[in-house]
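Quick notes on the structure that follows.
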Amino acid sequence: MPFDIARIRGLYPALGDGWIHLDGAAGMLVPEQVASAVVTAMRAPVSGPGAAFPASHRAESIVAAARRAVADLVGGHPDGVVLGPNAAVLTKRFADVVAETWTLGDEAIVSRLDEVSNQRPWQQAMRRIGGALRWGEIDIETCDLPAWQYERLVSARTKVVAITAAAGTIGTRPDLPTVAEFAKRVGAMVFVDATYAAPFVPLDITASGADVLALSALTWGGPAVGALVFRDPGMLDQLRPVALDSSAVGPERLELGPHPYPMLAGLVASIDFLANLDDAAKGSRRNRLLTSMGSVKAYTSELHDRMLAELRAMPHVTVIGDAIRRIPTLAFTVRGRKASEVTAHLASQGICAFTADGTDGLFGSLGVAEVGGVVRIGLAHYSNDFDVNQLVRALYQLR
């Protein structure tokens, strides 16, 4: 079959530690070619850009290659790719800059489904200008984010609609095009956090309706770098530059240098890795990404559905949410057990999982702190049937 899980698992040296890594939502393991790209770049002479010697040219080439790779990942243009430490830092930086043109009474819309990193920057911006923050609410039963509510949430004063492409907590994938359509009716900007969607589904910034899209490479096994992608690169020229270099143009206007060149080399290698996950992927990198990420989506969805069915068959396990569209990330509780007890037991069985205490974010809205928190797990490109079987076996021991 084109998506050869045995071949793919062999590309991750860290899988040799013997643990079952169901901690994909916190960031995937790093493929060998990504680690090698970082090391190779560190060993080569790389200087600052703008000079006539080879080491300077190498720096410029790495940055340009990183912009092209990110643009291919989302179907954007390299001139609209801003590079930085991660999505959270870049989101805060962008929110601070864009809100400078907003005034008293303007509004921003965020959602309960989002990570705090895509809520708090807009909340703080509204507080500074005396604006209003409005909330897209989730369906408590399914943990879906109904798109229809945005028709009444937006108004003539709405400046931005910030929304996730997929929840890193429970996996729900909102209907982005419909939400974006409502936002466009009032001229609002659409800011999409694609951090957790990027490892599992093909991305298309135009089809999603996003004006700006945020990414963090750690989530798909890349280095600790992130990016903002502007659908219209010309939008960057309308923003106050934050760069220390007064001559900065285009995406450099929102970048604080110098760049971590070895990490950017690893970023390129990580996107090339995604493009070649499916042996049948051919053509340009963008075409190969669409094919490979489509295969990733199909493979992980099937594995995720099986895991969901197994967990829901256990009377002592309750899975949080039941959204139809989702990435392979979920949260659950075990009757009579605190989440910390469950994750400790899973660790004793060689399984990596996380605890969320439920005092903040989405889980705070659901009140899961009252039942001792939730257990969070997430599949990865290298997850297989054995991983699911071991999880099920370990949870049965907690009956």
The correct count of residues that are touching a helix residue (DSSP H, G or I) at 6+ places or on another chain (Cβ under 9 Å), open to solvent by 20 Å² or more (accessible area, probe 1.4 Å) and polar (S, T, N, Q) in the stretch 150-189 is 1
Under 8 Å between Cβ atoms, which residue pairs at least 6 apart in sequence (or on different chains) link something in the stretch 77-101 that is in contact (Cβ under 8 Å) with a residue 60 or more places away in the chain with a partner that is hydroxyl-bearing (S, T, Y)? N86/S216; A87/S117; A87/T195; A87/S216; A88/S117; A88/S216; T91/S117
Of everything in the stretch 1-27 that's at pLDDT below 95 and under 16 Å from A353 (Cα atoms), which residue is surrounded by the fewest Cβ atoms within 10 Å (Cβ to Cβ)? G18
Tell me which residues, restricted to the stretch 67-79, are over 16 Å from T291 (Cα atoms) and either in contact with a Lys or Arg (Cβ under 7 Å, 6 or more places away or on another chain) or open to solvent by 20 Å² or more (accessible area, probe 1.4 Å) (or both). R67, R68, G76, H77, P78, D79
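Quick one: which helices (runs of 4 or more DSSP H) sit completely within the stretch 295-399 and have at least 1 residues that are among the aromatic types (F, W, Y)?
Counting at least 1 such residues, we get 361-366, 385-396.
Tell me the residue from S56, S61 that is open to solvent by less than 30 Å² (accessible area, probe 1.4 Å), within 27 Å of D245 (Cα to Cα) and part of a helix (DSSP H, G or I), please.
Sole residue among the options that is open to solvent by less than 30 Å² (accessible area, probe 1.4 Å), within 27 Å of D245 (Cα to Cα) and part of a helix (DSSP H, G or I): S56.
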Those residues of the stretch 210-254 which are over 27 Å from A167 (Cα atoms), of a type in the set (D, E, K, R) and assigned to a loop (DSSP other than H, G, I, E, B), in sequence order: R240, D245
Quick check on this structure: which one of G378, G373, G350 is in contact (Cβ under 8 Å) with a residue 12 or more places away in the chain, touching a Gly at 6+ places or on another chain (Cβ under 8 Å), open to solvent by less than 40 Å² (accessible area, probe 1.4 Å) and over 22 Å from Y196 (Cβ atoms)? G350
Subset of the stretch 190-228 that is of a type in the set (V, I, T) and farther than 13 Å from A25 by Cα - its residue that is surrounded by the fewest Cβ atoms within 10 Å (Cβ to Cβ): T206
Of N287, N276, the only residue that is over 18 Å from Y382 (Cα atoms) and free of Cβ contacts under 8 Å to residues at least 60 places away in the same chain is N287
The one condition E115 fails out of (1) among the charged types (D, E, K, R); (2) open to solvent by less than 40 Å² (accessible area, probe 1.4 Å); (3) in contact with a Gly (Cβ under 7 Å, 6 or more places away or on another chain) is (2)
Looking for something open to solvent by 10 Å² or more (accessible area, probe 1.4 Å), of a type in the set (D, E), in contact with a strand residue (DSSP E or B) (Cβ under 7 Å, 6 or more places away or on another chain) and more than 18 Å from D193 (Cβ to Cβ) - is there at least one such residue anywhere in the stretch 130-143? no
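The values are calculated or read from the model by the stated rules, or taken from the named source; none is laboratory data. Not measured: the values here are computed from a predicted model. We place every Cβ from the backbone using ideal geometry, glycine too, and count neighbours over all the protein chains shown. Remember, those area values only see protein heavy atoms, side chains included, never the ligands or the DNA or RNA. Shrake-Rupley method; radii C 1.70, N 1.55, O 1.52, S 1.80 Å.
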